[in-house]
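Inspection log for the structure reproduced underneath, given as structure tokens.
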Amino acid sequence: MGSIPPVVKNLLIINGLVWLAQIAFTKQGIMLEQWGALSAIQSGFFRVWQLVTYMFMHQAVYSDGSIAFAHILFNMFALWTFGTTLENFWGSKRFFTFYMLCGIFAGVAQLITQSQGYAVGASGAIMGVCAGFAFLFPNTELYLMFIPIPIKAKYLIPGFILLDLFSGIAPQTNDNVAHWAHLGGALAGLIIVIIWNKTNRNKFY
């Protein structure tokens, strides 16, 4: 992990440690999500700090007791893939600010649209990172698993955002994905990077 910039590296470590703690506590019958997950305002369990803590938690254990790998695996892979480039481009301080703002705005979007239950995951912040990457490096060629054809970031990432939009408008039965959090994070990321790009054009180019 020596080549991974410090903020991305520490985010990977923190998310991994929290995920392991969730597993360990769940096995003991203690749900850390009741304090750290982003609870719906109407539930009465919402606390303002959850707008930060939720983005460091992930689905850890399935209902049958088996360990859930997919959620954190895909999120951390995307963070490493796109976050490394942005942190190297902006520097650690600016990237950390960007990441946290995207995650918080994603949480706000989720609260506006969520009437029950709770949300966990770094996906909102990471969608902001993906949106920022697509704006700054639009012609970077990316590959999807099992599809051996390169797709430019300016097409692939907006495609994912549109899928979230359609799924948010017309959710499927048993869809437990926080689509509006994804959209809120992506929108925040796009707005922030456009503002920074205009006010710091000489620095970037």
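Examine segment 135-145 for a residue that is crowded, with 16+ Cβ neighbours inside 10 Å, within 26 Å of Val7 (Cβ to Cβ) and acidic (Asp, Glu), and state whether such a residue exists. Taking every residue of segment 135-145 in turn, none turns out to be crowded, with 16+ Cβ neighbours inside 10 Å, within 26 Å of Val7 (Cβ to Cβ) and acidic (Asp, Glu). Can we say Ala122 is closer than 26 Å to Phe56 by Cα and small (Gly, Ala, Ser)? Taking the combined requirement at face value, the residue satisfies it. Residues that are farther than 16 Å from Ala37 by Cβ and hydrophobic (A, V, I, L, M, F, W, C) within segment 110-133 comprise Ile112, Ile126, Met127, Val129, Cys130, Ala131, Phe133, listed in sequence order. For first residues located in segment 4-15 and surrounded by fewer than 13 Cβ atoms within 10 Å (Cβ to Cβ), partners that are assigned to a helix (DSSP H, G or I) and lie 6+ apart or on another chain with Cβ distances below 7 Å form the pairs Pro6/Ser92; Ile14/Phe56.
Filter segment 55-81 for residues that are among the aromatic types (Phe, Trp, Tyr) and without any contact (Cβ under 8 Å) to a residue 12 or more places away in the chain; which is farthest from Asp164 (Cα to Cα)? Restricting to residues being among the aromatic types (Phe, Trp, Tyr) and without any contact (Cβ under 8 Å) to a residue 12 or more places away in the chain, the top hit is Tyr62. Screening Asn176 against (1) free of Cβ contacts under 8 Å to residues at least 12 places away in the same chain; (2) part of a helix (DSSP H, G or I) leaves a single unmet condition, (2). Take Ala153 and decide whether it is buried (at least 23 other Cβ atoms within 10 Å of the Cβ), on the phi < 0 side of the Ramachandran plot and in contact (Cβ under 8 Å) with a residue 12 or more places away in the chain. No, not satisfied. For the subset of segment 82-103 comprising residues that are under 13 Å from the mean Cα position of the chain (by Cα) and without any contact (Cβ under 8 Å) to a residue 60 or more places away in the chain, which member is surrounded by the fewest Cβ atoms within 10 Å (Cβ to Cβ)? Across segment 82-103, the extreme among qualifying residues is Met100.
Among the residues of segment 24-35, is any of a type outside the set (D, E, K, R), surrounded by fewer than 18 Cβ atoms within 10 Å (Cβ to Cβ) and within 19 Å of Ile104 (Cβ to Cβ)?
Yes, segment 24-35 contains at least one residue that is of a type outside the set (D, E, K, R), surrounded by fewer than 18 Cβ atoms within 10 Å (Cβ to Cβ) and within 19 Å of Ile104 (Cβ to Cβ).
Whenever a residue of segment 115-142 is touching a residue at least 12 places away in the same chain (Cβ under 8 Å) and more than 23 Å from Gln22 (Cβ to Cβ), its partners that are among the polar types (S, T, N, Q) and surrounded by fewer than 24 Cβ atoms within 10 Å (Cβ to Cβ), lying with C-beta atoms within less than 6 angstrom and at least six residues away or across chains, give the pairs Ser115/Gln42. Got a number for residues in segment 57-68 being surrounded by fewer than 20 Cβ atoms within 10 Å (Cβ to Cβ), under 20 Å from Leu38 (Cα atoms) and not β-branched (Val, Ile, Thr)? Residues that pass the stated criteria total 4.
FYI, it's all coordinate maths here, none of it is from the lab. Given the structure is predicted, the values throughout are model-derived calculations rather than measurements. Using ideal geometry, Cβ is built from the backbone for each residue, glycine included, and neighbour counts are taken over all protein chains shown.
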